[in-house]
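Data block below; observations after.
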Amino acid sequence: MIRLRTVRQDRLGRQDRLGRQGPQGRPAAGACDAHVGPELAAAYARSAGTQSAGTQSAGTQPAGTVGGTAGAPAGDAPSEAQCWSVERHVEHCTACAERVSAAVRATGAAPALARLREDVLARAAAERADPEPYSNGVAGTASSDPARSADPAPVRRLPGPGGRFARRRARIVWAAGPALRGPWLVSLVLLAAAVVCAARLTGNAAAQPLVLLVAPVLPPAGVALCYGRYADPLHEIAASTPAGGLRLLLVRTAAVLAVTVPMLALAGALLPAGSGMPGLVPVAAWLLPGLALTLGTLALGSFVGCRYAAAAIGSVWLLSVCSAARGLSARELAGALTHFLAGPAAQCGWAVAAATGAAVIVLRRTSYDFQESF
Amino acid sequence: MSTARTAPAAGPGPGRSGRPAQPGEPGEPAESGEPAEATVAATGLTVRYRRATALDGIRLRLGDGVHGLLGPNGAGKTSLIRVLATVASPTSGEIRLLGSRVTARGAEGHRARTAVRRRLGYLPQQFGYYPGFTVREFVSYVAWLKEMPGSAAADAVERAVERVGLADRIDAKVRTLSGGMVRRVGIAQAVVNDPRVLLLDEPTAGLDPEQRVQLRELLRELGRDTTVLLSTHLVEDVAAACTGVTVLDGGRVAYQGTPRELAEAGEAADGGSAADGGSAGGSAAAVAGDSPIERGYSAVLRAHRSGARPHTAGGADSPDDRAGSAR
């Protein structure tokens, strides 16, 4: 990619230069390919020497020598068009470049040129020792050296302390995309806070099993709300990029899980105990079922789209647990949930379900490219 | 307009193949049988929605240059651009982008799409943005989606934003920009990765005349070494910026040629109808349009609808196009 850019910049740059050459350069364009004869080289060297010595400015020179043609006598200074032609030609013709160099060295400009050369070499050596001040300009061309090209620009681009850290943080936030930006996050936080506050104020023992009951469907809901053409305003653009499809879906899913898991675990821990659920069950029992439902949503999403998949899986879950929980007291519900979510057999079952979902995702990985068909 | 004449000279012709190889680029399965210069090649491309047929056996071959896609509403312009952008899959038919079969099934197609998408730019007809994003963040986010290396992305983002003339607004929130500016942000995100194939759906919509002129300038510049396909309903955009023009109607190719040839088709139709119908005042039967190219556009549409063979101006592809679009 970088290579492509430098090639193109070079090409544009060259075209730009030719364009500026325009009116003077074009009449002599045919002469560009002709070799530079000794007379022309000498004349060019003299004019270059006088210019470098500062006795005659480039602007006034062509006015006096407009009549100069390709076969200009040795005594006349060449026209500006001829100078352009010579300079273009020596860019790719070594023989003529040497001839012109020799002619220039024969003029009085030799000592000045030698000093200039020393100066340039010294400055180049200094730059090599300390590349920092020029690294921004070099970044585009130093593509072959990743360690070097990875360093420079961002410090200037991203405000705030620690450019590299800030860049990485920005990338993580980007990767999460709307998962961390959208109303999804706000509503989740508000909902969790409201449930915790209400339960603690009333001391209701049913809150813990109820949260446990709903928790597994929250990650699938988050996935559906942050990916796809209906949820992501950038989806149409993202779908045409290499990161679109499954990769972006997994990144967003990871972001959703990274937010929901700690939050729901915290909510489970803060809710008033009393429903009789042992130890870590209210905090962690839903993790494996939640993962299984999330992966199931992604797997089903490869067929019908994440929105419909999340809706289907979420409603199946809620309908089944609600119908099972109807008429149970808080204690009975807690016991049933503990058995259903946290029992050894249940955990094994949920693990198998999660693995199945993951396998389907892997098998169907290419079908996420066309989210449109959803 | 003189630009219509200078554009073909500036843009490379279909025969150009002198682009340097890019060894650093991701794998591009070289397929024999297709000429190297056709960066976009579609055959038998059909897109059907539930009942409607959006594209009906389109055959299209494009090389570097700026290609205009004209057609009335519902002609299939957006459907064509979306399947070429690998956003939607065609019902049937094959697409090759940069030589890779992006419509292939399974892992091969996925690999081809991923490789091609890195070198693709796409401006959708409508697109949204995250409310909190600035212009720089928006374009950077797309650069990230396009998997540009981080070190190159920061420079590329600034350059892309500068190219669309928004350098002074680069740190403004996108939601504070006018519609035309948002459109230009969309163009900036499309060109941020220096795409090899650039697909623009109505890029001039919402731009004022001055911005349109600037955009055409940018398109001509891009067309030198990029395949640009832009859909538009403004015939003058095509006249001013394009080296080639394709007219779609009812999901089929009604015409393919250069803008000048389209204008000549209009002149010819004018001459014909004048001979038939008499005075200019009674030109209800004559093709409509204020400029030659508009009349040409109307003429080819009318000819296509009356069931005539599609006009194709003399290019290397025309016999095939005729066969394809008559299918």
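Which FRET efficiency value, to the nearest 0.05, do you get for B:GLN126 and A:ALA355 by plugging their Cβ-Cβ distance into 1/(1 + (r/R0)^6) with R0 = 30 Å? The pair B:GLN126/A:ALA355 has a calculated efficiency of 0.15. Close amide H partners of B:ALA54, meaning residues 5 or more places away or on another chain with modelled amide H under 5 Å apart, are B:VAL47, B:ARG48, B:TYR49. Looking at segment B:92-149, the trypsin sites (Lys or Arg not before Pro) that sit in a DSSP loop and have at most 11 other Cβ atoms within 10 Å of their own Cβ are B:ARG105.
Could you please rank A:TRP350, B:TRP144, placing first whichever residue has the fewest other Cβ atoms within 10 Å of its Cβ?
Values: A:TRP350 23, B:TRP144 19.
Neighbour counts put them in this order, fewest first: B:TRP144, A:TRP350.
What is the calculated FRET efficiency for A:ALA311 to A:ARG247, with r their C-beta to C-beta distance and R₀ = 30 Å, to the nearest 0.05? So the FRET efficiency works out to roughly 0.80.
The string of couplings for segment A:315-321 from the Karplus curve (6.51, -1.76, 1.60, θ = phi - 60°) is 6, 4, 4, 5, 4, 5, 5 Hz, one whole number per residue in order, with x for Gly and Pro.
Other protein chain C-beta atoms within 10 Å of residue C-beta, averaged over B:82-88: 6. Taking +1 at the Cβ of each Lys and Arg and -1 at the Cβ of each Asp and Glu, which of B:SER178, B:ALA153, B:TYR141 sits farthest along the dipole of segment B:128-196 towards its positive end, judged by Cα position relative to the Cα centre? Positive-end residue among those listed: B:SER178.
At a 10 Å Cβ-Cβ cut-off, how would you order B:PHE127, B:PHE138, fewest neighbours first? Don't jump to the answer; show the numbers that get you there.
Values: B:PHE127 19, B:PHE138 23.
Lowest to highest Cβ neighbour count: B:PHE127, B:PHE138.
Relative to the Cα centre, the charge distribution of segment B:111-248, modelled as +1 at Lys and Arg Cβ and -1 at Asp and Glu Cβ, gives a dipole magnitude of about 520 debye.
Expressed as a fraction of 2.2 N^0.38 Å, the rule-of-thumb size for a compact globular protein of N residues, what is the C-alpha radius of gyration of segment A:182-279?
Numbers: Rg = 16.5 Å, N = 98, 2.2 N^0.38 = 12.6 Å.
So the Cα radius of gyration is 1.31 times the expected 2.2 N^0.38 Å.
Taking every residue in B:152-160 and counting other chain Cβ atoms within 10 Å of its Cβ, the average works out to 5.
Going from the residue with the fewest nearby Cβ atoms within 10 Å to the one with the most, B:ARG51, B:ARG61 rank B:ARG51, B:ARG61.
Hull surface divided by four, with the convex hull built on the Cα atoms of segment B:125-244: how many nm²? Don't jump to the answer; show the numbers that get you there.
Numbers: hull surface 28.0 nm².
Reported value for the Cα convex hull: 7.0 nm².
Projected onto its three principal axes, the C-alpha set of segment B:110-154 covers 33, 30, 13 Å, listed from the longest axis down. One decimal place: the segment A:LEU266-A:SER329 gains 20.3 nm when fully extended, by the rule 0.36 nm per residue minus the C-alpha distance.
Taking the Cα centre of segment B:153-204 as origin and assigning +1 to Lys and Arg Cβ atoms and -1 to Asp and Glu Cβ atoms, the resulting dipole is close to 140 debye.
Taking each residue of B:125-137 in turn, how many C-beta atoms of other protein chains fall within 10 Å of its C-beta, and what is the average? Each step should come with its number before you reach the end.
Values: counts 1, 2, 6, 7, 3, 8, 4, 1, 3, 0, 0, 2, 3.
Counting Cβ atoms of other protein chains within 10 Å of each residue's Cβ and averaging gives 3.
Any read-out appearing in this document is the output of simple, stated calculations on the displayed coordinates, not a laboratory observation. The structure presented is a predicted model; accordingly, all values stated were derived computationally and were not measured. Heads up, the Cβs are rebuilt from the backbone with ideal geometry, glycines too, and the neighbour counts pull from every protein chain shown.
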